[in-house]
Amino acid sequence: MGSGQLGRMFAIEARKMGYRIHTLSPDRDSPTGQIAEREVVASYSDEAAVRDFAKGISVLTFEFENVPSQTIEWAAEHCIVRPAGRVLHICQHRLREKEFLSSAGLPVAPFRKVTSAGELVQAAAELGLPGVLKTAAFGYDGKGQRKLSPGDDLVEAWQPFDGAPAVLEGFVKFEREVSVIVCRGVDGAMATWPVCENEHANHILDITYCPARIPDRIAEDARALAQRVALALDLVGVLAVEMFLLADGDLVINELAPRPHNSGHFSFDASVTSQFAQQVRTVCGLPLGCTDSLAPAAMSNLLGDVWLESRTGTPDWAAALAIPGVHLHLYGKAEPKRGRKMGHITATGRDVEDAAARARAARSALLG
């Protein structure tokens, strides 16, 4: 389910292992559809199309969370679904996700449910400001979010959110954002990749460092926390756990993604087993692959801005690939737009700083 770049990279790894891939989404000639053997163009709410799709496959997984739970329930009557629909249901809704984590005793920022301007005023009084108001569903890359500061007009701030539930989160003063990609097989075996450190620009992931520049003790704590989340969810599949590292060394969970994640793209070129190959293994009931790193790595996203700002309108691929250790991944999207993820660069180096410098240099070289 889904047909974007995450599905594309999953499909590449699955095809390498001899599997046949079908994809369903509303889009035609999609990044995943270009790799799949069968591309079904249909709405996720088209029950007949979903059921027909599910009858033609052995196992279903998904590449993003915004698939209606009802869609997964229809499919589950005809094929295996991994991760289970319950996991998707929890992770596609911020309020359900935070309530689940909190009830499981896992650390999250303080939060309140908000469904009206009056509730927002009350929540702000209880939590204090600054804070972040977020839609409960369908938010990513900073969409559906607004930072609130003391003195803001809360009634005005609520207007764009009116009509749908939201969550007010107490502002967390963090030193770094880190993420852990954890996987769990049908036999309960678990593994994690090294902890990643993420830097954002305009709410979109810009650079990932692997391994994160944090003490070993904190890295072990982060990996253990991610495994606790996977166990609590009874996960079969791949899960990204985004966390905030506080000044005192504590970790607070920010968000979950029950599939491969942007911050794990380095693994395609710098790990024994990529997050996408591991997704294939977990959903198909195979043993987990080794998650060791082959070299320190960094990943930089390529947004449509690169095309729009390059001197000729076409990025200088040769200049970027002339830098040693650089790998290019393009997603097959036809039209570059500002802020749209069109591809990414991974780079390996002597250490993570060297790898990041190469990734940045390659992206700059694209502009000509």
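The values are calculated or read from the model by the stated rules, or taken from the named source; none is laboratory data. Note that the structure is predicted; figures quoted are calculated from it, not measured. Glycine also receives a Cβ, built like all others from the backbone with ideal geometry; neighbour counts cover every protein chain displayed.
A few comments on the model shown:
Condition check ((1) closer than 13 Å to Glu169 by Cα; (2) part of a loop (DSSP other than H, G, I, E, B); (3) among the hydrophobic types (A, V, I, L, M, F, W, C)) across all residues:
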position: Lys98; (1), (2), (3): yes, no, no
position: Leu101; (1), (2), (3): no, no, yes
position: Leu120; (1), (2), (3): yes, no, yes
position: Glu126; (1), (2), (3): yes, no, no
position: Lys134; (1), (2), (3): yes, no, no
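- Residue satisfying all of: in the stretch 2-18; assigned to a loop (DSSP other than H, G, I, E, B) and under 15 Å from the mean Cα position of the chain (by Cα); nearest to Glu47 (Cα to Cα) among these: Gly2
- Inside the stretch 282-305, residues that are buried (at least 21 other Cβ atoms within 10 Å of the Cβ) and not polar (S, T, N, Q) make up a count of 7.
- Residue within the stretch 252-274 that is surrounded by 22 or more Cβ atoms within 10 Å (Cβ to Cβ), in a loop (DSSP other than H, G, I, E, B), hydroxyl-bearing (Ser, Thr, Tyr) and under 18 Å from the mean Cα position of the chain (by Cα) present: yes
- Residue match in the stretch 296-305 (condition: on the phi > 0 side of the Ramachandran plot, in a loop (DSSP other than H, G, I, E, B) and modelled with pLDDT of 95 or more): no
- The stretch 324-356, residues that are in contact with a helix residue (DSSP H, G or I) (Cβ under 8 Å, 6 or more places away or on another chain), among the β-branched types (Val, Ile, Thr) and more than 30 Å from Asp27 (Cβ to Cβ): Thr348
- Leading residue by the ranking (nearest to His93 (Cα to Cα)) among those in the stretch 168-227 that are among the aromatic types (Phe, Trp, Tyr) and not in a strand (DSSP E or B): Phe171
- Residue selected from the stretch 138-149 under the condition surrounded by 15 or more Cβ atoms within 10 Å (Cβ to Cβ) and of a type in the set (Gly, Ala, Ser), by the criterion modelled with the lowest pLDDT: Gly139
- All of (1) within 13 Å of Glu197 (Cα to Cα); (2) crowded, with 24+ Cβ neighbours inside 10 Å hold for Ile214 with one exception: (2).
- Among residues of the stretch 56-78 that are closer than 18 Å to Gly7 by Cα and surrounded by fewer than 16 Cβ atoms within 10 Å (Cβ to Cβ), those with a Cβ under 8 angstrom from a residue that is at pLDDT below 95 and among the aromatic types (Phe, Trp, Tyr), sequence gap 6+ or separate chain, pair up as Asn66/Phe138.
- Checking Ala334, Ala356, Ala347 one by one, the residue that is exposed (fewer than 13 other Cβ atoms within 10 Å of the Cβ) and either of a type outside the set (Phe, Trp, Tyr) or closer than 19 Å to Asn198 by Cα (or both) is Ala334 and no other.
- Any chance Gly285 is part of a loop (DSSP other than H, G, I, E, B), modelled with pLDDT of 95 or more and at positive phi: yes
- You will find that of Ser30, Ser3, Ser25, the residue that is in contact with an Asp or Glu (Cβ under 6 Å, 6 or more places away or on another chain), surrounded by 21 or more Cβ atoms within 10 Å (Cβ to Cβ) and either under 28 Å from Leu233 (Cα atoms) or touching a residue at least 12 places away in the same chain (Cβ under 8 Å) (or both) is Ser3 and no other.
- Condition check for Leu235: within 30 Å of Leu294 (Cα to Cα), assigned to a loop (DSSP other than H, G, I, E, B) and at pLDDT 95 or above: yes
- Residue in the stretch 325-337 that is closer than 30 Å to Ala226 by Cα and either part of a helix (DSSP H, G or I) or of a type in the set (Val, Ile, Thr) (or both) present: yes
To keep it simple, each residue is scored yes or no on (1) under 26 Å from the mean Cα position of the chain (by Cα); (2) crowded, with 17+ Cβ neighbours inside 10 Å; (3) within 17 Å of Pro160 (Cα to Cα).
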| position | (1), (2), (3) |
| --- | --- |
| Ser102 | yes, no, no |
| Gly105 | yes, no, no |
| Val114 | yes, yes, yes |
| Gly118 | no, no, yes |
| Ala123 | no, yes, no |
| Glu126 | no, no, no |
| Ala136 | yes, yes, yes |
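- Some residue of the stretch 74-84 being modelled with pLDDT under 95, under 30 Å from Val50 (Cβ atoms), touching a Gly at 6+ places or on another chain (Cβ under 9 Å) and in a loop (DSSP other than H, G, I, E, B): no
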